[in-house]
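To keep things clear, I will list the structure first and then write my remarks on it.
The values are calculated or read from the model by the stated rules, or taken from the named source; none is laboratory data. These figures come from a predicted structure and were not determined experimentally. Here Cβ is always computed from backbone atoms with ideal geometry, including for glycine, and neighbour counts include all displayed protein chains. Ligands, DNA and RNA are stripped out before the accessible areas are found, and what is left, the full protein with its side chains, is counted by its heavy atoms. Shrake-Rupley method; radii C 1.70, N 1.55, O 1.52, S 1.80 Å.
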Amino acid sequence: MRRNSTLLAASGVLAVALAQTRQPVTPTSNSPPAAGSVTGNDRDGLKYVWIPSGSFQMGCSPGDSECVDRESPPHQVSISKGFWMGQTVVTVGAYKRFAQVNSMPMPPEPEFASGRLMMNRGWADDKMPMINITWDEAQEYCTWAGGRLPTEAEWELLHVLEALRTATDLLMTSPGTPTTVEKSD
């Protein structure tokens, strides 16, 4: 029986993402890339975003009634080194490249409701997220692509940064909130 890699769940579809610990391209300086910088990986053909180091509170938020025991107590976590994270989840097309280079078959097509609903029949849509792979297959893919699976803390940092970006975007574009400041005479 195949076990899905539970790294990203969206509408019940599980997919794999990749964290790169080294730059997918040759750096032009010794300083780290700017937060949010995007670069490509020639091996898998995907784009990666630079996530800077940072600290944040991880675990159950005060007043959250939906926490599970393993989320408590909240604690401070520091990511000491920035990393490259896939801008998207790994696509079927990227995984096909991996499978072809390594002379291995694609996993079984995704099937839901006991075969009554097929998703991405024949893996025809290369832009769909790759699903139906084991954790070991996800690890093999990441190694081939020059990276590794992200840690739980790296995922959390990514979500914290995304929430901050979203909140800032909402504040800057809310009705009645100026997006530019004009100098008055």
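Taken about its Cα centre, the range 53-111 carries a charge dipole of about 480 debye when Lys and Arg each add +1 at the Cβ and Asp and Glu each add -1 at the Cβ.
For the range 117-151, the list of trypsin sites (Lys or Arg not before Pro) that fall in a loop by DSSP and count at most 12 other C-beta atoms within 10 angstrom reads 127. Note on the range 25-88: Cα convex hull, mean projected area over all directions, 6.3 nm². Taking all protein chains as they are arranged and a probe of 1.4 Å, the heavy atoms of residue 135 leave approximately 110 Å² accessible to solvent.
Listed by chain and number, the aspartates and glutamates placed with their C-alpha closer than 20 angstrom to that of residue 96 are 42, 44, 109, 111, 125, 126, 136, 137, 140; residues fewer than eight positions away on the same chain are left out. Semi-axis lengths, largest first, of the ellipsoid equivalent to the range 54-111 are 37, 18, 9 Å, with √(5λ) applied to each eigenvalue of the Cα gyration tensor.
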